[in-house]
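The values are calculated or read from the model by the stated rules, or taken from the named source; none is laboratory data. For clarity, every value in this text was computed on a predicted model and none was experimentally measured. Every residue, glycine as well, gets a Cβ built from its backbone with ideal geometry; the counts of neighbours run over all protein chains shown. With ligands, DNA and RNA removed, areas are computed over all heavy atoms of the protein, side chains included. Shrake-Rupley method; radii C 1.70, N 1.55, O 1.52, S 1.80 Å.
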Amino acid sequence: MHVPLRLIIGCMFFFFLYHPALAQEKKVEFKILSNRNEVLSYASVTVLEVPDSLNRQEKIADSLGQVYFQLMQGHFYRVRVSHSGYAEVEKNITIKGDHPQYTIEMSTRTGAMSGIIVKSTRPLIRQEDDKTIVDAESLAAISTNAYEILEKTPGLFVDQDGNIYLSSTTPATVYINGREQKMSAADIATMLKSLPPNAIASIEILRTPSARYDASGSGGVVNVVLKKGVKVGLTGSITTGLNQGKYGNRFIGLNLNNSKGALTTYLNVQYGKRNSFDHIQTDRFFPADASLLSQNALTRYAADNAYVGIGIGYQLNTKWTLNYDARWSENWSNNNSNNVSVISKNAQVQANYRATVINNAVNYNINQGINAKYKLDSAGSEWTTDVSFNYAPNVNHQQFNTGNGKINSRLNFFTAQSNLVKKLKNSITVETGLKTSLVHFNNKTNYFRGSPSSTVSDSTRSGAYRYVENINALFIQASRKFSGIIVKMGTRLENTNMEGTQLSPADTSFSIHRTDLFPYIYLSRNIMKIAGYDLRAYLVFRRTISRPAYEYLNPSLRIIDPFLFETGNPTLRPQFTRNYEANISVDERPLVAFGINETKDIFTQVIYQSDTNQLVSKRTYDNLGSNKEHYIRLLGAIPPGRKYFFVLGAQYNHNFYRGLYENKPLSYKKGSWTIFTYHQLKLTPLTQLSVNGYARFNGQQQFYELSTFGELRMSINQQFFKKKLNITLSLNDIFKTNQNEFSINQGSVMATGMREGDTRRFGLNIRYNFGLRKKEENNVFNTESPEKAN
């Protein structure tokens, strides 16, 4: 038996045997109503265990007046409920039955009620079953777009190319409102940079997603949950801001939320201008003749972007809820790149080249989705159906030294899924669902050589490519609590169909049809209490797949500069990963995790030397063998609510690659550390100081070894006019350390270099909240809590 498999089976065996069989935890539902039988949204609910009153839990009810607690069967509790305008209620209960439910009625408080504020605290990071949830409110106040929020989220690492990393060195898959985007990392980054920061409710991090999610998330899943119009009455905010580095960014946005009876609506609008640069220097050594190729590339990225998001939700009755949402974003970019290449030998210059490229591109992204939810019973059973369509055209006009070109691409992505969650007797929950997705991608590239007045077609660069992908999936999983242990097991069946056709200059079609099974196991239980806080342990196993994207498979030639071209690999095979993770959380806050990723047929970006010219390199993708990755993650925090709060975490990754590179044996080991932190200090009741940042030591990006780099950010927020006006000053990359040196020494490729961007920036954000709403203190800025999206 494989060693990691023996390890996790042994842990599971210990997990089942070593537990007290005296009491069971139950999920207890409280519903808060007025004395006129009206739902009271956002009531503050406190549960105290009797006689141990130090063991207390506090939560805020949702927009439907519902709130859930994990309480012990047979134990006695005291429940306190408070709400603006209503008399506080205190009730004693004893937990009985399989699905305990309590309705608490509140009476209108007599007398004047002006100035009443219901307060509660919400942690920046909390653990909920198999996912980590990050509250985005505090991060939005110091960000100009959604992409910056992800950069500042503790525990996430976003590289210069837009890839997001969690536990593994494999990039995570990005979802928005639970829907995969099916776009490249660069396109997703562009879309997120157009998304207003205050449109985000939370960031859900799933390092080992359950069978409910697509099996393609071998690097985990990052789900960006957008706010929905669930506030009472008409509310909104106007936000504007800017930040300045070498170049400047600025934006202005409007957010409206309206809730009246069964109808809820929202509108998000933002316009922004971005400007930055990317500077890369490389030195590549050729031992055959002792020559050196030095390149200095400077690219300036300038773009205008606009975003509009609308949503409508309607509760037909107590059973049915319908939601429609649509998002449109447009990005106009003007990128200028200047690359100087020098070939030298024995310190003597042999040749000198300068390549100038201008890209004028327009990217659209139009997404529409319909979601229907049917509530089967009061125990939490429900049937949800979601249908969405994404259309993303891209037109890029390119000019360079010796000619020009036009790149035209179209992405159509349709997905439909239907999931059923059924609560049965004996604390059994069964989930099952179907999903189908269809991707159509068309690319047509025309290049011409010569001056604008006299051009001829460049057949070495021109081409046309069509890609079709259809994935059909079925999953089933069940969970049950045994004497305090939550056991969830399931499997996902996915049928993959991929067709690629190179229409010109030559037909190099490929076809992939396969069906795979992906099991999932999840175990969780409370171990003990420390100072009244629950210490909970988790064990997770999952098998996943990483399918090569269309840009990895596209065999068309793309010339980067006179010494580098890139092409896809139509024979690229998918890679499979088995993930084992054990972790512990305290009071819904992750504490420590240890995991193993075993990957076969790993594909990665590689550089090969040209067969005809040693100075020319080909950048492509290839399956190199296997990789075994060990990681450990530590996280500590002081809970929010007082003057000072912090989160401090560290993660260690160790990779061991084995395989073939350029038909030669490959054996490569690398370990790296990443630390991240978030601090906030309440200087006055209306003033908050925040500091956050990260550092990566001996980093790795595929086969590139990176030097130590990181970033420290600071911001101060001040509130005015009864907390309606928020002004935030921020400084990013204070010490200008978010730049790194890199090196690669694999096969015939020996190169070193440096990369930096426009990361040191001073920022100013201004937000004004308007409308009448219940005020609630969250963990940072005392603003209203976003409702979790469905």
May I ask what percent, to the nearest 5, of DSSP beta bridges between residues of the chain are antiparallel? 95 percent
When ranked by the protection proxy of mean other Cβ atoms within 10 Å per residue, highest first, what sequence do the peptides 559-571, 170-182 form? 170-182, 559-571
To the nearest Å², the heavy-atom accessible area per residue of region 204-332 with 1.4 Å probe amounts to 40 Å²
Spin-label model distance (nm) - residue 340 vs residue 499, 7 Å beyond Cα toward Cβ: 5.1 nm
With the label point 7 Å along the Cα-to-beta-carbon line of residue 457 and a cut-off under 16 Å to each amide N, the hits in region 401-418 are 404-408
If contacts are Cα pairs under 8 angstrom and at least 6 residues apart, what is the relative contact order of the chain in percent? 11 percent
In Å², what does the accessible area per residue of region 534-639 work out to with a 1.4 Å probe? 37 Å²
Leaving out same-chain residues fewer than 8 places away, which aspartates and glutamates sit with a Cα under 17 Å from that of residue 182? 161, 214, 386, 469, 494, 499, 551
For region 349-429: accessible area per residue (Å², 1.4 Å): 49 Å²
Checked against a 18 Å limit on the C-alpha separation, the offending pairs among 96/319; 27/488; 628/669; 31/59; 425/529; 31/319 are 96/319; 425/529
For region 188-275, compute the number of Lys pairs whose alpha carbons are separated by less than 21 Å, excluding pairs fewer than 8 positions apart on the same chain. 8
How tilted is helix 3-17 with respect to the longest principal axis of the chain? Cα atoms for both, answer in degrees (0 to 90, nearest 10). 0 degrees
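Compare 618, 444, 131 by solvent-accessible area with a 1.4 Å probe and give them largest first, with all protein chains kept in place.
On the way: 618 70, 444 120, 131 25 Å².
Solvent-accessible surface, decreasing: 444, 618, 131.
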Once the Cβ-Cβ distance between residue 88 and residue 383 is put in as r, and R0 is 41 Å, what FRET efficiency do you end up with, to the nearest 0.05? 0.65
Carbon plus sulfur fraction of accessible area for the chain, probe 1.4 Å, in percent: 58 percent
Go ahead and estimate [θ] at 222 nm for the chain from helices alone: -39,500 (n - 2.57) per DSSP H run with n ≥ 4, summed, over the residue count, rounded to 500. -1500 deg cm²/dmol
Cα centroid of region 573-611 to Cα centroid of region 386-416, whole Å: 30 Å
Segment residue 320-residue 667, length gained on full extension (0.36 nm per residue, minus Cα span): 119.2 nm
Residue 725-residue 96 FRET efficiency (beta carbon distance; Förster radius 45 Å; 0.05 resolution): 0.35
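As an exercise, take the mean of 1/r over every pair of distinct alpha carbons in region 366-498, invert it, and state the Kirkwood radius in angstroms.
Mean inverse Cα-Cα distance, inverted, gives 19.0 Å.
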Assuming 0.36 nm per residue, please report the length gained on full extension of the stretch residue 419 to residue 535 beyond their Cα-Cα distance. 38.6 nm
Could you give the length gained by full extension between residue 708 and residue 642, i.e. 0.36 nm per residue of separation minus their alpha carbon distance, to one decimal place? 20.3 nm
Hey, can you rank 201-212, 534-545, 260-271 by average C-beta count inside 10 Å, highest first? 201-212, 534-545, 260-271
Determine, from the Cβ-Cβ distance of residue 33 and residue 675 and an R0 of 45 Å, the FRET efficiency 1/(1 + (r/R0)^6), rounded to the nearest 0.05. 0.40
Cβ crowding within 10 Å averaged over residues, with 302-309, 349-356 ranked highest first: 302-309, 349-356
